[in-house]
Amino acid sequence: MRIGVLALQGAVREHVLSIEESGATAVQVKRLEDLEGLDALVLPGGESTTMRKLLDRYELLEPIRKLAEEGIPMFGTCAGLILLARNVVGQESHLGVMDVTVERNSFGRQVDSFEIDLYIVGFGESFPAVFIRAPHIVEVGKSVEVLAKHDGRIVLARDGNFLGCSFHPELTEDHRLMRYFVKLVSETTPGVVS
């Protein structure tokens, strides 16, 4: 299984490590040709406005949107969730493929960063979640499964082939969420074996 990591900004190395710890091959995506032959794509955290400018500069936005529309699974963490969202409060959407509305910087600024133990549906024991200038999901479409909330706000959800979270699972040594995504890829993509 080949999982791409959008490598324009953010915690790329940490996502690559988490993918490899989960039994898949990680591919850094910086150019259009890097998208070829991928079974899935991870959109890491960073700064969503900057990431959008870089996606436009390297002409990656439309090809990634096309892959999403073709059913390639995608996992967005923090800014990656903002990129996936169909609606973003107060601004235009980016890829607009996941049926959620998100609000940016919902949990404060960089200095307000925190880590909590989060209950995730189906995970059993709690999961360490690192929040850094995190967004949250304000609203979900009918087919979206809410997997975790913090302080009454949705912070993890699945919409078919799309998984989006407000926090940074790659900044911990717990790879269960990436393993969940790898399993999602193997279940939803014909011919892919994890």
For Cα Rg over 2.2 N^0.38 Å the list reads (i) 1.05; (ii) 1.18; (iii) 0.92; the calculated value is entry (iii)
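Assuming 0.36 nm per residue, please report the length gained on full extension of the stretch T188 to E173 beyond their Cα-Cα distance. Numbers along the way, then the final one.
Working: separation 15, 0.36 × 15 = 5.40 nm, distance 2.60 nm.
Net length gain for the segment: 2.8 nm.
Can you say what percent of the DSSP beta bridges in segment 1-149, counting only those with both residues inside, are antiparallel? Round to 5.
Working: 10 of 24 bridges.
Just about 40 percent of them are antiparallel.
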Summarise the accessible area of the chain (1.4 Å probe, protein heavy atoms) by the percent that is carbon and sulfur. 46 percent
For the residue pair S143 and I116, what label-to-label distance in nm results when each label sits 7 Å from Cα along the Cα-to-beta-carbon direction? 3.0 nm
Restricting to DSSP H runs of at least four residues, report the calculated mean residue ellipticity at 222 nm for the chain, -39500 (n - 2.57) per run over all residues, nearest 500 deg cm²/dmol. -7000 deg cm²/dmol
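Among the listed pairs K142/K183; K53/K142; K30/K149, which have their C-alpha atoms separated by more than 29 angstrom in this model? Could the numbers behind the result be given before it?
On the way: K142/K183 23 Å; K53/K142 31 Å; K30/K149 32 Å.
Those over the limit are K53/K142; K30/K149.
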Per residue accessible area of segment 48-194, 1.4 Å probe, in Å²: 47 Å²
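The values are calculated or read from the model by the stated rules, or taken from the named source; none is laboratory data. Predicted model only: the values in this text are computed from it and were never measured. When we count neighbours, we look across all protein chains shown, and the Cβ atoms used for this are built from the backbone with ideal geometry, even at glycine. Ligands, DNA and RNA are stripped out before the accessible areas are found, and what is left, the full protein with its side chains, is counted by its heavy atoms. Shrake-Rupley method; radii C 1.70, N 1.55, O 1.52, S 1.80 Å.
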